[in-house]
Protein chains: 2
Amino acid sequence: MHRSRLVAALVDVPQELFEQEAGFWSGALGAEQHRDADDPDYAHLGEVTPGFELYVQRVGASARVHLDIETDDVEAEVRRLETLGATRVEQIKTWWVMRDPAGLVFCVVRVQLPEAFARDAREWP
Amino acid sequence: MHRSRLVAALVDVPQELFEQEAGFWSGALGAEQHRDADDPDYAHLGEVTPGFELYVQRVGASARVHLDIETDDVEAEVRRLETLGATRVEQIKTWWVMRDPAGLVFCVVRVQLPEAFARDAREWP
């Protein structure tokens, strides 16, 4: 038995647009940017609505938006999503990059927001 | 003076993938699909986390995810976002389709979730 919930959207942009894009979404949502020197590819805009986070991420790919699902058992959640039609792309550190049936990238990550997770996550057999 | 907040993500997919994609995200998040006969291009998955909605939408474009900002003054919010670097794409019914500085589509829509809006929206001069 494990649990999961939608936790974040990430606005992925190439290197040359990262600062402009982070500034735009920060201003658009009135959300301060948090930077972590250990993770320079992310501008974290925090919980732009309670229980749901937004990030701007520097990527080596075309601009896109992707969703993150948080879970207390990454491997079990990845297997569950495979049975629904998703496919594994690659494992990065503690998370899995997957593709949905339309080919859109999303990620399965460990619990990011423990309070919201405890309150709102769905339970799977 | 007006207010706005992030309210939704929309998973946009071409016609031939719409039913499969709606089924996938419904199963992935444990969220029942709501269909409206007047709006057959949307599968509404409701508030997948309190205050934030997910839709799967049938579009005549490549698959993508886009974000929606809700506001009590669409024109004022569109003008504010233009000053931050967004551009207008087209007005549809009561909402505006815009592009962010990286060219990603997002929409500015009227208030969709009045309770969350009253509680969490940011106020702009």
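The values are calculated or read from the model by the stated rules, or taken from the named source; none is laboratory data. Just so we're clear, the structure is a prediction, and the values are computed from it rather than from any experiment. Every residue, glycine as well, gets a Cβ built from its backbone with ideal geometry; the counts of neighbours run over all protein chains shown. Heavy atoms of the whole protein, side chains included, go into the accessibility calculation; ligands, DNA and RNA do not. Shrake-Rupley method; radii C 1.70, N 1.55, O 1.52, S 1.80 Å.
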Got a sec? Which of A:A76, A:A63 is touching a residue at least 40 places away in the same chain (Cβ under 8 Å), at the interface with another protein chain (Cβ under 8 Å from one of its Cβ atoms) and over 19 Å from A:A116 (Cβ atoms)? A:A63
Filtering the range B:26-57 down to residues that are away from chain A (no Cβ under 11 Å) and of a type in the set (D, E, K, R), which residue is nearest to A:I69 (Cα to Cα)? B:E32
Checking B:D72 against (1) within 23 Å of A:V56 (Cβ to Cβ); (2) open to solvent by 70 Å² or more (accessible area, probe 1.4 Å); (3) acidic (D, E): exactly one of these is not met. Which one? (1)
Tell me, please, whether a residue that is under 26 Å from A:R79 (Cβ atoms) and open to solvent by less than 30 Å² (accessible area, probe 1.4 Å) can be found in the range B:82-94. no
Report yes if some residue within the range B:5-14 is loosely packed, with under 15 Cβ neighbours inside 10 Å, more than 10 Å from chain A (Cβ to nearest Cβ), out of contact with any helix residue (DSSP H, G or I) (no Cβ under 7 Å at 6 or more places or on another chain) and not aromatic (F, W, Y); otherwise report no. no
List every residue pair whose Cβ atoms lie under 7 Å apart, where the two residues are 6 or more positions apart in sequence or sit on different chains, the first residue falls within the range A:103-125 and is of a type in the set (A, V, I, L, M), and the second residue, located anywhere, is in a loop (DSSP other than H, G, I, E, B). A:L104/B:A63; A:V111/A:D72; A:L113/A:G51; A:A116/A:G51
